[in-house]
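Heads up: the structure comes next, in structure tokens.
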Amino acid sequence: MFNRIKRVIIGKPLKNEAIHGQKYSVVWGLPILASDAISSIAYASEEILLVLVPAVGVLAYGELTYISGAIIGLLLILTFSYRQTIQAYPNGGGAYIVATDNLGTIAGITAGASLSVDYILTVAVSISSGTAAITSAFPRLLPFTVPICLLILLLVMFGNLRGIRESSRMFSLPTYAFIFAILAMIVTGVVEHFMGVHPSAVSVGVSAGVLKTGGEVSLLLLLSAFSNGCAALTGVEAVSNAIPNFREPQIKNAKTVLLLLSFFVLLLFGGTSLLANLYHVVPGQDKTVLSQIAASIFGHSFMFYFIQVTTTVILAMAANTSYSDFPLLVSLMARDGYAPRQLSQRGDRLSFSNGILMLSAVAGLLIIIFRGSTSALIPLYAIGVFISFSLSQFGMFKRWVTKRGEHWVHKALVNGLGAFVTTVVVMIIAVTKFRHGAWIVIIVIPLLIILMLKVKSHYQSVARQLRLEPHELTSIDIEKDLYRNRVIVPVESINRASIRALRYARTISEHVVAFNVSINEEDSRKVAERYSLIKTDIPLIVRYSPFRKIAAPLLEFVESEEYDRRKGDIITVIIPQFEVRKWWHNLLHNHSASAIERQLLKHKHIVVATMPLQLRNEDLLLKAERKVELK
């Protein structure tokens, strides 16, 4: 049943050779990789105003212009910097590969940990923001914020499990629809304003008196607002991380997508900031700034609801940037031994499905903990990506200075400026958002680094213990150094499964023992009586277990003098087990065999084998018996 459901939701498995048909073109790659950056315009201006309006009132709208300009300037710097990264590192991996290659292992895994945190938060923030857009249009849904978030998360997860190609087709059109809707709103709003149409601002959550009087503009206030607005820049690095997912020519296509991404972010973020300034829209707790701007310009017409729907979808789809990049990033880290190896394996649809499931689980947990609140999640958001920005830029700067090459001075200046600016932004975000939750990320990233180093240490230890050098291989004579195999068959009762296991045991060894653990004398007597009816010379050992343990008495017997075992002997424990035909039948059995196996496998001289007996379909069995009776 599970496999049938899986095929309906995810689709049929794809062959390895189909990977080439799963890659992005510019048209389909742009909406997937740009969705995070483009969607952030739905809340970036709002996050700036949330800091400024309560403190300085009407002065906030003038400061919004300057802060938006600074963020757009930073966007341009990052765009030119990452174009150089794409050219230098066409195999993807972004900041993780750049930092590892140029700054060393610790810098690399720091970048990887920072990006991982950012991608997880991107999913949580984007889906929470999308849900906020729904509840802004339909306030009655506010109590159901978390369930709506989790439902959207599941839809995005299943869409991505279907593979790169299908997810890009599925989620791309809403991104283009959102771009069209916001451009239409910007053009209409600017034209109406300069034509003398002045819709009234929707001042929710802040009194009109605050808007009139204002307060003092401090440097700390401006920096805090700027750090909030930097959420608009998350996702810029996505293209450099996902270069392997592009069709040939990969570098050209990736650079084109990065350029288009930056153009649309500049246009949409700048346009919505301008509208917020012109219409003096005030952020509230139950209505987003974008929702209020749309209501001011279009009223509650079709375009208002179209913007709400497309905003909801693009915010939820913004998670696709993380679903594209996070599994690829952790697969690279897993390949290098800093993450579980399972994360480096592609699933049935050639996507890194384990990475997708891991991302969904952690993001879902964050949504539940923070109750789907965008404002609660935003302070944790940008610091991780800007740490990776800084490490990537420093890595590229060192690359140009060390290796030089054609136009290296110009390239070093671009990445050097990017490194300086992004480092300053990291410090600003860390200081201004520390009390609001950034301390969590500042603690989590070092913990992730320690965990990654522990994982690497484990893999290195395993490799050392399993490695055989060439001179060791030449000294091994398998035919000469044979193990003496002694077999034990645990029997709970004398039935078809246990008899089958005993027959098999005799084929692999002359030294076979049947072993029974009983919890009362009556059971042990019945087992002994039934076993005596069998024609066999295999001895039966019965042990009483007052604490109802099974593995412990067996291990005690193996280590006891009663059992004729020499040093170097291998003990094979063959566990009889019947297999039921329907999934729900498994719920009716205790699966003691699995518990025994886990205990026995801790001992290096014990081999555990399972002897299955497939039970037949009961309905078919009854029909066969009836036919025999009729005959």
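The values are calculated or read from the model by the stated rules, or taken from the named source; none is laboratory data. What you are looking at is a predicted structure, and each value in this text was computed from that prediction instead of being measured. Neighbour counts run over all protein chains shown; Cβ positions are idealised from the backbone, glycine included. Surface accessibility is based on the protein's heavy atoms, side chains included, excluding ligands, DNA and RNA. Shrake-Rupley method; radii C 1.70, N 1.55, O 1.52, S 1.80 Å.
Among the numbered criteria (1) touching a Cys at 6+ places or on another chain (Cβ under 9 Å); (2) within 30 Å of LYS12 (Cα to Cα), which one does GLY372 miss?
Condition not satisfied by GLY372: (2).
Of the residues in region 373-402, how many are within 30 Å of PRO283 (Cα to Cα) and either open to solvent by 50 Å² or more (accessible area, probe 1.4 Å) or without any contact (Cβ under 8 Å) to a residue 40 or more places away in the chain (or both)?
The total comes to 1.
Mind checking whether some residue in region 565-577 is modelled with pLDDT of 80 or more, open to solvent by 40 Å² or more (accessible area, probe 1.4 Å) and closer than 28 Å to TYR483 by Cβ?
Within region 565-577 (the criterion being modelled with pLDDT of 80 or more, open to solvent by 40 Å² or more (accessible area, probe 1.4 Å) and closer than 28 Å to TYR483 by Cβ), the answer is yes, since at least one residue qualifies.
In region 323-346, what residues are open to solvent by 10 Å² or more (accessible area, probe 1.4 Å), charged (D, E, K, R) and farther than 20 Å from LEU447 by Cα?
ARG335, ARG346
Consider region 375-388. How many of its residues are within 16 Å of SER116 (Cβ to Cβ), assigned to a helix (DSSP H, G or I) and of a type in the set (Ser, Thr, Tyr)?
Residues in region 375-388 being within 16 Å of SER116 (Cβ to Cβ), assigned to a helix (DSSP H, G or I) and of a type in the set (Ser, Thr, Tyr): 1 in total.
Just checking, which of ILE127, ILE134, ILE67, ILE77 is farther than 20 Å from GLY229 by Cα, touching a residue at least 24 places away in the same chain (Cβ under 8 Å) and either of a type in the set (Val, Ile, Thr) or open to solvent by less than 10 Å² (accessible area, probe 1.4 Å) (or both)?
Testing whether each residue is farther than 20 Å from GLY229 by Cα, touching a residue at least 24 places away in the same chain (Cβ under 8 Å) and either of a type in the set (Val, Ile, Thr) or open to solvent by less than 10 Å² (accessible area, probe 1.4 Å) (or both) leaves just ILE134.
Among the residues of region 230-257, which ones are in contact (Cβ under 8 Å) with a residue 24 or more places away in the chain, in a loop (DSSP other than H, G, I, E, B) and farther than 22 Å from GLU47 by Cα?
ALA242, ARG247
Pull out all pairs, ordered by first then second residue, where Cβ-Cβ is under 8 Å, the residues are six or more apart or on different chains, the first lies in region 469-487 and is in contact (Cβ under 8 Å) with a residue 24 or more places away in the chain and among the aliphatic types (A, V, I, L, M), and the second is open to solvent by less than 90 Å² (accessible area, probe 1.4 Å) and assigned to a helix (DSSP H, G or I).
Qualifying pairs under 8 Å: VAL487/ALA505; VAL487/ILE508.
Yes or no: PHE302 touching a Leu at 6+ places or on another chain (Cβ under 7 Å), open to solvent by 10 Å² or more (accessible area, probe 1.4 Å) and more than 16 Å from ALA124 (Cβ to Cβ)?
The answer is no for PHE302.
Restricting attention to region 272-281, does a residue exist that is farther than 30 Å from THR100 by Cβ, free of Cβ contacts under 8 Å to residues at least 40 places away in the same chain and open to solvent by 10 Å² or more (accessible area, probe 1.4 Å)?
Checking region 272-281: not a single residue is farther than 30 Å from THR100 by Cβ, free of Cβ contacts under 8 Å to residues at least 40 places away in the same chain and open to solvent by 10 Å² or more (accessible area, probe 1.4 Å).
Between GLY337, GLY271, GLY284, GLY364, which is at pLDDT 85 or above and within 30 Å of VAL190 (Cα to Cα)?
Matching residue, one of GLY337, GLY271, GLY284, GLY364: GLY271.
Among all residue pairs at least 6 apart or on different chains, which show Cβ distances below 8 Å where the first residue, located in region 94-105, is free of Cβ contacts under 8 Å to residues at least 40 places away in the same chain and the second is polar (S, T, N, Q)?
Within 8 Å, no pair qualifies.
So which residues in region 354-372 are in contact (Cβ under 8 Å) with a residue 12 or more places away in the chain and open to solvent by 30 Å² or more (accessible area, probe 1.4 Å), if there are any at all?
Of everything in region 354-372, those that are in contact (Cβ under 8 Å) with a residue 12 or more places away in the chain and open to solvent by 30 Å² or more (accessible area, probe 1.4 Å) turn out to be ASN354, LEU357, MET358, VAL362, LEU366, ILE368, PHE370, ARG371.
Can you tell me which residue among LEU258, LEU267 is open to solvent by less than 20 Å² (accessible area, probe 1.4 Å) and over 15 Å from the mean Cα position of the chain (by Cα)?
The match here is LEU258.
Just checking, which of THR135, THR85, THR110 is of a type outside the set (Phe, Trp, Tyr) and at pLDDT 90 or above?
Testing whether each residue is of a type outside the set (Phe, Trp, Tyr) and at pLDDT 90 or above leaves just THR110.
Against the conditions (1) farther than 23 Å from ALA595 by Cα; (2) touching a residue at least 12 places away in the same chain (Cβ under 8 Å); (3) assigned to a loop (DSSP other than H, G, I, E, B), where does ARG548 fall short? Just the number, please.
Here ARG548 clears every test but (1).
Could you tell me which numbered condition ILE429 fails, if it satisfies all but one of (1) modelled with pLDDT under 85; (2) out of contact with any Cys (no Cβ under 9 Å at 6 or more places or on another chain)?
It fails just one condition, (2).
Which of (1) out of contact with any helix residue (DSSP H, G or I) (no Cβ under 7 Å at 6 or more places or on another chain); (2) among the charged types (D, E, K, R); (3) closer than 30 Å to LYS433 by Cβ does GLU248 not meet, given it meets every other one?
(3)
So in region 181-222, with the set limited to residues that are part of a helix (DSSP H, G or I), of a type in the set (A, V, I, L, M, F, W, C) and farther than 19 Å from SER273 by Cβ, which one is modelled with the lowest pLDDT?
ALA208
Answer yes or no as to whether GLU559 is within 47 Å of the chain's Cα centre (by Cα), surrounded by fewer than 16 Cβ atoms within 10 Å (Cβ to Cβ) and acidic (Asp, Glu).
Yes: the conditions hold for GLU559.
Considering only region 506-545, how many residues are in contact (Cβ under 8 Å) with a residue 40 or more places away in the chain and under 21 Å from GLN599 (Cα atoms)?
2
Within the group GLU597, GLU625, GLU629, which residue is at pLDDT 80 or above, part of a helix (DSSP H, G or I), open to solvent by 60 Å² or more (accessible area, probe 1.4 Å) and charged (D, E, K, R)?
Exactly one of GLU597, GLU625, GLU629 is at pLDDT 80 or above, part of a helix (DSSP H, G or I), open to solvent by 60 Å² or more (accessible area, probe 1.4 Å) and charged (D, E, K, R), namely GLU597.
Within region 423-453, how many residues turn out to be more than 26 Å from PHE394 (Cα to Cα) and either free of Cβ contacts under 8 Å to residues at least 40 places away in the same chain or among the charged types (D, E, K, R) (or both)?
The number of residues fulfilling the criteria is 1.
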